[in-house]
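Take a look at the structure below.
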Amino acid sequence: MSFDVVIVGGGLAGLSLACALRDTRLKIALVENHPPVAAAGWDARVYAISPANADFLQKIGIWKHLDAGRIAPIYAMKIHGDAEAQLDFSAYQTGVSELGWILESSLMACALWESVKQQSNLCLFCPAAPQAVEIQGDAAVLTLTDGRTLSTKLLVGADGRDSWVRAAAGLQAINTPYGEMGVVANFACERPHRGIARQWFRDDGVLAWLPLASSDSTHRFSMVWSTPDAHAAELLTLSGENLCERVAAAGSHELGELRLITPASAFPLRMTRVPRITAPRLALVGDAAHGIHPLSGHGINLGYRDAQSLSDLLAAAVEWQDIGSETLLRRYQRARREEIALMQYTTHTLRQLFHEKLPGLKFLRNTGMNVTNALPVIKNLLVRYALGAF
Ligand SMILES: Cc1cc2nc3c(=O)[nH]c(=O)nc-3n(C[C@H](O)[C@H](O)[C@H](O)COP(=O)(O)OP(=O)(O)OC[C@H]3O[C@@H](n4cnc5c(N)ncnc54)[C@H](O)[C@@H]3O)c2cc1C
């Protein structure tokens with residue numbers, strides 16, 4: 001079978017790329033192990049979606065299919081240092097209506113999946129997995145484990161942090177494990193969160209409380225606690241009641257008493273740098289192309305930006321242009337290099353800054369936060385970057 005684009009991996013990055021190519025003349029194949037599963041209750045894997053990416057989801061026709069009752073706007077952010085310092089951002093001060101939205105992973109994945117299933121220029125291979133790839137002069141030939149072969153002008157690796165495509169292409173991935181896990185859980189809380197995302201830089205890691213949509217007068221938030229492996233393991237053994245007490249205390253009881261609504265789970269944290277995200281007839285998107293610490297909440301935002309950037313280049317290609325050509329792939333690599341490197345550097349540095357226990361550093365970092373908080377121009381620049389306004 002012959003295609004223009006074969007995407008391996010139907011996570012958020014691969015699915016959004018496929019959707020973004022809906023109105024093109026390109027013939028697409030999507031290869032995925034298993035379809036997404038809707039969460040039984042509230043999904044503990046949530047993302048802060050930037051306004052730029054909300055626009056992207058709107059443009060590809062997904063936003064309107066999301067359950068509006070599960071989308072929580074972020075009106076403000078409150079960041080606490082580890083010595084009384086504080087940094088606040090608000091939509092009002094920035095001159096926007098929202099700083100972003102909190103959305104559940106499975107909610108977006110299922111909406112994207114339903115959309116690609118009906119896409120007339122797309123052939124879905126699921127369940128399926130690749131076994132071998134051969135790059136020829138004018139095509140990449142992918143052999144699936146069931147023996148079928150897919151020939152394509154461009155192969156896209158959207159198959160996550162342990163990407164098979166990346167390894168098969170011999171693209172280097174430099175992993176820096178943090179020795180930390182992201183512990184996630186959802187809670188109902190006594191007091192309204194008022195659309196404020198809260199974050200604490202603590203001795204035992206970075207704790208984030210992200211507002212979830214409130215309905216039937218229940219207030220909820222989602223927690224991501226990036227914390228050393230041993231502490232994460234301990235948190236996972238706590239009873240629901242004890243976890244609530246621990247989490248409430250770590251967040252200075254800002255939202256009153258807590259009740260666990262989605263049990264805690266954890267995922268290992270590491271930074272993955274991929275110096276080259278393209279190879280002949282091949283491009284990477286999403287976690288296959290980069291991995292960052294979740295403290296900035298930018299993981300899938302970068303993935304959506306990859307999908308947008310690549311789809312824009314592919315959609316703009318004229319009919320006679322080879323969409324797997326080195327010229328097009330070089331433009332993609334160039335378009336993404338800076339943002340990925342900047343986000344990885346900033347997030348990694350921030351994490352190191354609060355992780356280091358050197359004398360004097362605590363004073364410096366907290367003073368830095370307070371100074372930044374007092375400088376509206378710098379704050380505005382920071383928040384505009386986070387919004388994807390640059
Ligand atoms: C367990 C876990 C929990 C997480 N929780 C959070 C969280 O709470 N908050 C947060 O901000 N980030 C979280 N992350 C990170 C976040 O999920 C990723 O940044 C995001 O999912 C990246 O999207 P993606 O589409 O690039 O990759 P993925 O979501 O990993 O999607 C890759 C897709 O490719 C498919 N695939 C992989 N290999 C093959 C193959 N060989 N053949 C066929 N298909 C294949 C997989 O089935 C999957 O559907 C978590 C990550 C993990 C692993």
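The values are calculated or read from the model by the stated rules, or taken from the named source; none is laboratory data. Quick caveat, the model's predicted, so the values are computed rather than measured. Ideal geometry is used to build each Cβ from the backbone, glycine not excepted, and the neighbour counts take in all protein chains shown. Quick note on the areas: whole protein, heavy atoms, side chains included, nothing else; ligands and nucleic acids left out. Shrake-Rupley method; radii C 1.70, N 1.55, O 1.52, S 1.80 Å.
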- Item | Extended-chain gain in nm, criterion 0.36 nm per residue less alpha-carbon gap, residue 203 and residue 265 | 20.2 nm
- Task: Please list the non-local residues whose amide H lies under 5 Å from the amide H of residue 205, H modeled 1.01 Å from N, same-chain partners needing a gap of 5 or more.
- Result: none
- Message: Just to confirm, what accessible area per residue do you get for the chain at 1.4 Å probe, in whole Å²?
- Response: 44
- Task: Please give, to one decimal in nm, the separation of the simple spin-label points placed at residue 312 and residue 58, each 7 Å out from Cα toward the Cβ.
- Result: 1.6
- Task: Highest first, please rank the peptides 8-17, 286-295 by the mean number of other Cβ atoms sitting within 10 Å of their residues.
- Result: 8-17, 286-295
- At 7 Å along the Cα-to-beta-carbon direction for both residue 88 and residue 218, put a label point, then send me their distance in nm to one decimal. 3.0
- Query: What is the distance, in nm, between label points placed 7 Å from the Cα along the Cα-to-Cβ direction at residue 23 and at residue 167?
  - Reply: 3.9
- Which whole-number percentage describes the relative contact order of segment 187-259, with Cα contacts under 8 Å and a sequence gap of 6 or more? 36
- Of every Cα-Cα pair in segment 18-98, the percentage lying beyond 22 Å is 50
- Over the Cα atoms of the chain, compute the convex hull volume and normalise it per residue, giving Å³. 140
- Would you tell me the accessible area of residue 135, worked out with a 1.4 angstrom probe on the heavy atoms of the protein chains, in Å² to the nearest 10? 80
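Can you give the extra length, in nm with one decimal, that the chain gains between residue 175 and residue 237 once fully stretched, where that is 0.36 nm per residue apart less the Cα-Cα distance?
In short, 19.5 nm is gained.
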- Hey, can you rank 171-182, 196-207, 230-241 by average C-beta count inside 10 Å, highest first? 196-207, 171-182, 230-241
- 194, 331, 281, ranked by accessible area, largest first (probe 1.4 Å): 194, 331, 281
